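Below: one structure, written as structure tokens.
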């Protein structure tokens, strides 16, 4: 026997690397010192920082990948991966420096891998983040045919005196919601159970209530909030940021609350995307579960002084975010989320 007979195709791996080298190179910034194919990626921080703090994160796309498998559309999940990681370090005030990806599959398809990594490179370029390396693993018998898993690793930087932790949040501060593009990368196990198991829909089925197919809706790209937040961070207007991912507003907002305060959220302050009400009705999902399973149309929450709220909203509008709104306030109490009118 040889390696190919055991299920590992080295030639396919080499072809994959050949295809993705160009994508990665298109993301390189002046700090990149290594080429794709090195054992390790090299990045020079430079001398532009006074007291730099590196901020890192790792994440995946979760069962949203099942939509890519079913639809044969692999170009957007790489964008999801990068944008999710960018948002995760953004909440601490960091901007991305470089990114690494991990793609594992049972049988490597250079075509599919190239689509995925092209998506990664698109998002890296949009976020000013260099794709400096990664790993593509072929693991026969470990994954079902036609399936793969992926993870992303990001490193960013922020000046130490510009770190955002939420510890300065005080009663009376405003909470401003930034709209999501859809489910982003969380809640897909519940969404798939409703759409495919309960309703019996096909991935290419048109849903009149949504005005598009199941695949079109559920593969919407996880939004990056970096372009919107850069001006606010530079202006020093942000006291706290919460990325609304798995666990929804209910579980994520308390992560940035200091002792002695809670968040009051007015759910009437915005209208959730149509997909959330569709899933809620179709699956008879309790309201509380919706706000713990989905982002319900709010992908990022900005905490700022009440006196700065109008300025923050104006700056967001100037950056193209026309649907941002004050959705809550900080109140005395134990860290947690209280739902009700303001």
> Going by the conditions given, is residue 63 at pLDDT below 95 and outside the structural domain of residue 241 (by TED's automatic domain parsing)?
Replying inline: no
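Among residues belonging to the range 190-246 that are part of a strand (DSSP E or B) and touching a helix residue (DSSP H, G or I) at 6+ places or on another chain (Cβ under 7 Å), point out the one that is nearest to residue 293 (Cα to Cα). Let's see the steps before the verdict.
Of the residues in the range 190-246, the ones part of a strand (DSSP E or B) are 206-207, 212-213, 240-243.
After this cut, where a residue has to be touching a helix residue (DSSP H, G or I) at 6+ places or on another chain (Cβ under 7 Å) as well, the list is 207, 240-243.
Working: 207: 22, 240: 22, 241: 19, 242: 16, 243: 14 Å.
Ranking the candidates gives 243 first.
Just to verify a result, which residue in the range 170-189, among those that are under 24 Å from the mean Cα position of the chain (by Cα) and part of a loop (DSSP other than H, G, I, E, B), is surrounded by the fewest Cβ atoms within 10 Å (Cβ to Cβ)?
Filtering the range 170-189 for residues that are under 24 Å from the mean Cα position of the chain (by Cα) and part of a loop (DSSP other than H, G, I, E, B), the one surrounded by the fewest Cβ atoms within 10 Å (Cβ to Cβ) comes out as 181.
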>> Please go through the range 149-163 and give me each residue that is out of contact with any helix residue (DSSP H, G or I) (no Cβ under 7 Å at 6 or more places or on another chain) and buried (at least 21 other Cβ atoms within 10 Å of the Cβ), ordered by number.
In response: 155, 158
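Report whether or not residue 210 is in contact (Cβ under 8 Å) with a residue 60 or more places away in the chain, surrounded by fewer than 22 Cβ atoms within 10 Å (Cβ to Cβ) and over 20 Å from the mean Cα position of the chain (by Cα). Lay out the reasoning, then the answer.
Details: in contact (Cβ under 8 Å) with a residue 60 or more places away in the chain: yes; surrounded by fewer than 22 Cβ atoms within 10 Å (Cβ to Cβ): yes; over 20 Å from the mean Cα position of the chain (by Cα): yes.
Here the answer is yes, as residue 210 does meet what is asked.
Does residue 13 satisfy the condition of being surrounded by 14 or more Cβ atoms within 10 Å (Cβ to Cβ), more than 13 Å from residue 150 (Cβ to Cβ) and touching a strand residue (DSSP E or B) at 6+ places or on another chain (Cβ under 6 Å)?
Numbers: surrounded by 14 or more Cβ atoms within 10 Å (Cβ to Cβ): yes; more than 13 Å from residue 150 (Cβ to Cβ): yes; touching a strand residue (DSSP E or B) at 6+ places or on another chain (Cβ under 6 Å): no.
For residue 13, the condition - surrounded by 14 or more Cβ atoms within 10 Å (Cβ to Cβ), more than 13 Å from residue 150 (Cβ to Cβ) and touching a strand residue (DSSP E or B) at 6+ places or on another chain (Cβ under 6 Å) - is not met.
Kindly state which strands (runs of 3 or more DSSP E) lie completely within the range 59-169 and contain at least 3 residues that are within 30 Å of residue 305 (Cα to Cα), in contact (Cβ under 8 Å) with a residue 40 or more places away in the chain and over 15 Å from the mean Cα position of the chain (by Cα).
By residue number, 148-159.
The values are calculated or read from the model by the stated rules, or taken from the named source; none is laboratory data. If you're wondering where the values come from, they're calculated on a predicted model, not measured in any experiment. No Cβ is skipped: glycine too gets one built from the backbone with ideal geometry, and neighbour counts run over all protein chains shown.
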